[in-house]
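Student: For reference, the structure I am asking about is given below.
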Amino acid sequence: MFQGEGLSFKRYVLCVSTLEPRKNLDRVLAAYRYMPDATRRAFPLVIAGAEGWAGDALHNALDDAEREGWLRRLGYVHESRLSTLMAGAALFAFPSRYEGFGLPMVEAMACGVPVISADIRVLREVSLGMVNYVNPDDVEAFASLIQHCLEDADVGRSAQASVKRVIDTYSWDVCFERTAEIYRYVSSLG
């Protein structure tokens, strides 16, 4: 799958995120720590994303998790490799507290990967109700939902079934048509 990272197809949980507090990575790390060791080792957490303005506490937690063997930090992953990384994930975690849109979540949905999303308004709107939501501050609930999604095959089948709806909703053709509709409307106002 990804040479050098030790990742196996459908045997990891992926989080694509810049390392900064609003992305809530400290909570996903805490949730992972709350899960059984066997699950953490069978499905390591993989974080792909550029450095942001994370503080020492987050970097220390990431370092600790890497030393314990259940976290892989990939840093920035180029777009040409990101879709392969997403498609190979067993689960996509999107714990962010604040988002403008949530494109990585939509990309994971388009790959047919089950998604756990923070239960915030913008992500509910963008996800079309097709993901599993969790209070972004409830570590125990987050851990329980990750465990459930990894163990329940119906979660994966449901994600696969939603791919067409995601693609039909968020294609460039749809984006172009909606943008053109707005321009037509605004120009009709005179």
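Student: Just a yes or no: is a residue in segment 168-187 touching a residue at least 24 places away in the same chain (Cβ under 8 Å) and aliphatic (A, V, I, L, M)?
Tutor: Looking through segment 168-187, none of the residues is touching a residue at least 24 places away in the same chain (Cβ under 8 Å) and aliphatic (A, V, I, L, M).
Student: Which of (1) in a helix (DSSP H, G or I); (2) closer than 16 Å to Ala90 by Cα; (3) open to solvent by 70 Å² or more (accessible area, probe 1.4 Å) does Ala57 not meet, given it meets every other one?
Tutor: So Ala57 meets the others, but not (2).
Student: If I go through segment 76-102 residue by residue, how many of them are outside any loop (DSSP other than H, G, I, E, B), over 22 Å from Ala153 (Cβ atoms) and out of contact with any strand residue (DSSP E or B) (no Cβ under 9 Å at 6 or more places or on another chain)?
Tutor: 3
Student: If I go through segment 18-49 residue by residue, how many of them are in a loop (DSSP other than H, G, I, E, B) and at pLDDT below 90?
Tutor: Of the residues in that region, 3 qualify.
Student: What are the pairs with Cβ atoms under 6 angstrom where one residue, in segment 99-120, is open to solvent by 40 Å² or more (accessible area, probe 1.4 Å) and the other, located anywhere, is not hydrophobic (A, V, I, L, M, F, W, C)? Sequence gap at least six, or different chains.
Tutor: Asp119/Tyr133; Asp119/Asn135
Student: Name every residue in segment 23-36 that is under 14 Å from Leu150 (Cα atoms) and free of Cβ contacts under 8 Å to residues at least 60 places away in the same chain, in order of residue number.
Tutor: Those that are under 14 Å from Leu150 (Cα atoms) and free of Cβ contacts under 8 Å to residues at least 60 places away in the same chain: none in segment 23-36.
Student: In addition: Report whether or not Ser158 is among the hydroxyl-bearing types (Ser, Thr, Tyr) and part of a helix (DSSP H, G or I).
Tutor: The answer is yes for Ser158.
The values are calculated or read from the model by the stated rules, or taken from the named source; none is laboratory data. Treat the numbers as computed from the prediction; the structure is a model and nothing was measured. Methodologically, a virtual Cβ is constructed for each residue, glycine included, from the backbone with ideal geometry; neighbour enumeration extends over all protein chains shown. Note: accessible area is taken over every heavy atom of the protein model, side chains too, but ligands, DNA and RNA are not part of it. Shrake-Rupley method; radii C 1.70, N 1.55, O 1.52, S 1.80 Å.
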